[in-house]
Amino acid sequence: MQKKIRLPLREEDIESLKAGDRVLLSGVVYTARDAAHKRMVEQEKEGTPLPVELDGQVLYYTGPTPAKPGEVIGSAGPTTSGRMDLYTPALLEKGLKGMIGKGYRSEEVIASMLKHNAVYFGAVGGAAALIARSIKKAEVVAYEDLGTEAIRKLTIEDFPVFVINDIHGGDIYKDGVAKYKQ
């Protein structure tokens, strides 16, 4: 069974999620990769307002390809999340509640997610063109000079993800390996 969640994330949504849950997200997410993360954290340190409101928000770690004629966006698959780990705790402190990517997160990020009640979703790599079908609207909202790594506002509908890390300490990677070893 898949859960359907309307974004931005609410506390009750986050509390209901468990590692391994399949979820269909609808609403708005923002794209951000390492260059955008670095710039946001630098802006925060300088006291400059961030280009997007992070409270309750979900960031999708992707650098989409240009859209073909008649399409909203090109391929938009997840990138390796660990590249954002250096910057993620600072963004979680600003209210970020969810991230979409692929791969493991550092222990520091997992601890920060637990502290700030945030969840990490995985999207299936290698299915970027299929995932892009769930993106109904895309517009650059910040850091246009970063090209594919600019921050984009995506309107998504039934975007398929699964919960990797939940606020209850669940970790699909660790839990899955432990079950396999039994």
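The values are calculated or read from the model by the stated rules, or taken from the named source; none is laboratory data. Since we're looking at a predicted model, the values are computed, not measured. Positions of Cβ are generated from backbone atoms using ideal geometry, with glycine treated the same way; all protein chains shown enter the neighbour counts.
Results, tabulated for the structure shown:
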| item | result |
| --- | --- |
| Unmet criterion (only one of (1) under 20 Å from D85 (Cβ atoms); (2) part of a helix (DSSP H, G or I)) for Y104 | (2) |
| So E139, is it touching a residue at least 12 places away in the same chain (Cβ under 8 Å), exposed (fewer than 15 other Cβ atoms within 10 Å of the Cβ), under 18 Å from S75 (Cβ atoms) and of a type in the set (D, E) | yes |
| Filter pass, R39 being under 19 Å from G147 (Cα atoms), among the basic types (K, R), touching an Asp or Glu at 6+ places or on another chain (Cβ under 6 Å) and part of a helix (DSSP H, G or I) | no |
| Qualifying residue in the stretch 109-120 (condition: in a strand (DSSP E or B), under 13 Å from the mean Cα position of the chain (by Cα) and either buried (at least 19 other Cβ atoms within 10 Å of the Cβ) or of a type in the set (D, E) (or both)) | yes |
| Subset of the stretch 50-73 (residues that are of a type in the set (A, V, I, L, M, F, W, C), closer than 14 Å to T31 by Cβ and either touching a helix residue (DSSP H, G or I) at 6+ places or on another chain (Cβ under 8 Å) or loosely packed, with under 15 Cβ neighbours inside 10 Å (or both)) | L54, L59, V72, I73 |
| Failed item in (1) farther than 17 Å from M99 by Cα; (2) assigned to a loop (DSSP other than H, G, I, E, B), with E53 passing the rest | (1) |
| Hey, G95 closer than 25 Å to L24 by Cβ, assigned to a loop (DSSP other than H, G, I, E, B) and either at pLDDT below 95 or hydroxyl-bearing (S, T, Y) (or both) or not | no |
| Index of the failed condition, I131 passing every other in (1) more than 19 Å from V28 (Cβ to Cβ); (2) in a helix (DSSP H, G or I) | (1) |
| Residue that is surrounded by the fewest Cβ atoms within 10 Å (Cβ to Cβ) [pool: residues in the stretch 78-108 that are touching a Lys or Arg at 6+ places or on another chain (Cβ under 7 Å) and of a type in the set (S, T, Y)] | T80 |
| In the stretch 125-136, residue surrounded by the fewest Cβ atoms within 10 Å (Cβ to Cβ) [restricted to those that are within 15 Å of I100 (Cα to Cα) and either out of contact with any strand residue (DSSP E or B) (no Cβ under 6 Å at 6 or more places or on another chain) or without any contact (Cβ under 8 Å) to a residue 40 or more places away in the chain (or both)] | G126 |
